[in-house]
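*Asks:* Starting off with a structure, shown below.
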Amino acid sequence: MNKHSAVKILIVDDQPLIVDELCEFLESSGYPCVGCHSGRDAIARFVDDVEIGLVLCDLDMPDLNGIQLVEELNRIAGKTRVFESIMLTGQAEKQDVIKALRAGIADYYQKPVNMDELLEGVQRQEQALIERHKSHQHLGHLNDKLKFLSASIDDIYQDLDKVRRQPSSAQALEVGSDLNRALEKVETPAIFDQLSPRQLDVARLVGKGQTNYQIACELGITENTVKLYVSQVLRLTRMHNRTQLALALSPANASMRQRATAH
């Protein structure tokens, strides 16, 4: 018994008997199929059913030929949907094959179709589709990371702009000095010496158990910027999470270090 495939096949041909024959054969081989008798109907089914991953279409059809159909499906899919396509033709003209390849059609078979060869071709496209899905997901993750990095950089520039617009006053310096004096009361391990002043400010506030929102309010920066600083601190100190960071900087640990030094 053939295993059930997750790839659904859209079969398009203006001859109903061919559609029925292909659907019966491929379904018996474990592939769920959707049959259509025109390009327009195929477009509607493709839009409605996002599980369709492979399109098996005739070249010569009265409304849209196979190449025009695949070009329209590519336009609909855009960058958010992945599918593969195979063309069937009764006349394998060289020019048609070239057009099909340019349209992104992966393979073609001449009628009458050898079913065993077609099944092998469908299996190859199934594997190609799995690899494309993996690449698509990887690119999606990279895109998410780039968006986060872009937002963080934008936040940093906004913070710098705020600082530039603030008047250089004795009051601002006094507030900053008070914060530094308060934070310096907590002794820090030597591993934190490599941090920049702002990274150290964030690390010490994490050590006090403050949330990202509280740290953002206290330092006058955005939460995204706080997340960026926390990520940098964890990487530089080789700590796994903010809980470990908080324990390393907690006043209790500082007291223990002082007692150990005294003895």
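No value in this document is a laboratory result; all are computed from the given coordinates. Please read all numbers here as calculations on a predicted model, not as lab measurements. Using ideal geometry, Cβ is built from the backbone for each residue, glycine included, and neighbour counts are taken over all protein chains shown.
*Asks:* Within the set K8/K79; K8/K227; K134/K208, which residue pairs have Cα atoms separated by over 31 Å?
*Replies:* Working: K8/K79 19 Å; K8/K227 42 Å; K134/K208 42 Å.
Violating the 31 Å limit, Cα to Cα: K8/K227; K134/K208.
*Asks:* Can you compute the modelled spin-label distance between S38 and E218, with each label point 7 Å from Cα toward Cβ, in nm?
*Replies:* 6.9 nm
*Asks:* Just order 52-62, 119-129, 32-42 by mean Cβ neighbour count inside 10 Å, highest at the front, would you?
*Replies:* Numbers: 52-62: 21.5, 119-129: 16.4, 32-42: 19.0.
With the highest mean Cβ count within 10 Å placed first, the list reads 52-62, 32-42, 119-129.
*Asks:* Write out the GluC sites (Glu not before Pro) in the range 36-112 meeting two conditions: DSSP loop, and at most 13 other Cβ atoms within 10 Å of their Cβ. Intermediate values should be presented prior to the final figure.
*Replies:* Values: sites: E51, E71, E72, E84, E93; in loops: E51, E93.
Filter output for the range 36-112: E51, E93.
*Asks:* Please compute the alpha carbon radius of gyration of the range 8-140, then divide it by the globular-protein estimate 2.2 N^0.38 Å. Two decimals is fine. Could you put the intermediate results ahead of the total?
*Replies:* Numbers: Rg = 13.8 Å, N = 133, 2.2 N^0.38 = 14.1 Å.
Relative to the rule-of-thumb radius for its length, the range 8-140 sits at 0.98.
*Asks:* Can you give the direction-averaged projected area of the convex hull of the alpha-carbon atoms in the range 1-75, in nm²?
*Replies:* Numbers: hull surface 18.2 nm².
Result: a mean projected hull area of 4.6 nm².
*Asks:* So what are the ³J(HN,Hα) numbers for the range 217-227, from phi and the Karplus equation (6.51, -1.76, 1.60; θ = phi - 60°), rounded to whole Hz, Gly and Pro as x?
*Replies:* In residue order, the calculated couplings are 5, 5, 9, x, 10, 8, 5, 4, 5, 4, 4 Hz.
*Asks:* To continue, here is another question. Under the 0.36 nm per residue contour assumption, what length would be gained going from the current alpha-carbon distance of V82 and V97 to full extension?
*Replies:* Details: separation 15, 0.36 × 15 = 5.40 nm, distance 2.18 nm.
Result: 3.2 nm gained on full extension.
*Asks:* Also, I was wondering about something else. What is the calculated FRET efficiency for R124 to R45, with r their C-beta to C-beta distance and R₀ = 30 Å, to the nearest 0.05? Can you show the working numbers first?
*Replies:* Numbers: r = 23 Å, r/R0 = 0.78.
My answer for the efficiency is 0.80.
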